[in-house]
Amino acid sequence: MKKKYLYLFPLLIILGMVISFSLSLADFKDFKSTLEVFMSRPENIVHNRKSPVNETIASPESATRIDNGVTPTVGTVTPPPANPPVKTLSVPILMYHEIGDGPSSLYVSEKNFRAQMHYLRSNGYKIVTMTQAREMLANKQIPPKVAVITFDDGYVSIYNRAWPILEECAFPATVYVCSSFPGLYNYLTWDHIKILHSGGVEIGSHSHTHPALNTVSPTALAQEVVGSKQILEQKLGTKIDSFCYPCGAYNENIPAVIKKAGYTSAVTVNFRKATSQDDLYLLPRIRVFKADTISSFAKNIQ
Ligand SMILES: [Zn+2]
């Protein structure tokens, strides 16, 4: 080779390096765009969701794609299970009677009641009416920290003592009244009941005269269950959906009578939280006792 061409060698080496680098860059761009296409596919990003069970699906379109069962193309991607196990959900339905300092076991002091309501408020509880809780139980969709506050019998202390505290906390309640009691000594009047109802309190039936329903004749049973509903509906101009067994007494036939009368739920005095597995016409409650402390109250509703 002639000496004058020797200077071409370094030039050829540099040219080779430039071509080789350009080819690598093209490969990298190809790889990058392939990766971007892969990552944009919904079936490949579903597995990154932290809680697929509770999360709302962003759009009907993406829901369709997920429900169509598109199998992820990469072996390491695991789709969420089609039918996640059903969790048992529960809600404490609190039961009160009288608020004040009376001698009987039906009383919870005003001081304790206020402390209990403030505990619920400061701990982030959402208070719902019995009808709202019934819908949550029926649909098995109960958010955490939901509770119901119920009062049996319709004592006047609900209006005089409990209602101002409930208003302080902006809590609704459910009051089960006997349709023959309004105006009797120590009981709510119809005017009280109407004021409570218009203030967001749900009124339910606690029968007409408060007998143990498992001891009365079929005719009397109808009057207690159907008759009380009609009286309350006529007095308040609203539908009465919720029932409460007087003395907590029932037998195997009575829940069907309550349902046939048009009620959507019934509560007992069985002591535990209600769950989405419970019969809606035999819902248990958490009774609040005179001797309850804030820690026993908190423990019972946990
Ligand atoms: Zn009662």
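Couple of notes before you dig in:
- Over 26 Å (Cα to Cα) - which of K111/K299; K145/K229; K126/K299; K194/K229 fall in this group: K145/K229
- Per-residue HN-Hα couplings for region 107-121 [Karplus 6.51, -1.76, 1.60; θ = phi - 60°; Hz; x = Gly/Pro]: 8, 10, 5, 4, 4, 5, 4, 4, 4, 5, 5, 5, 4, 4, 5
- Taking the C-alpha atoms of region 236-302, convex hull volume expressed per residue in Å³: 127
- Neighbour net charge for I93 - beta-carbon separation under 11 angstrom, K R +1, D E -1: +4
- Among the trypsin sites (Lys or Arg not before Pro) in region 176-278, those located in a DSSP loop and surrounded by at most 12 other Cβ atoms within 10 Å of their own Cβ are K239.
- When Rg and the Kirkwood radius Rh are both evaluated on Cα atoms of region 90-301, their ratio Rg/Rh stands at 0.94.
- Loop-located GluC sites (Glu not before Pro) in region 199-269, at most 16 other Cβ atoms within 10 Å (DSSP): E252
Quick note: the coordinates plus some simple rules give every number you see, no bench work behind them. Please read all numbers here as calculations on a predicted model, not as lab measurements. No Cβ is skipped: glycine too gets one built from the backbone with ideal geometry, and neighbour counts run over all protein chains shown.
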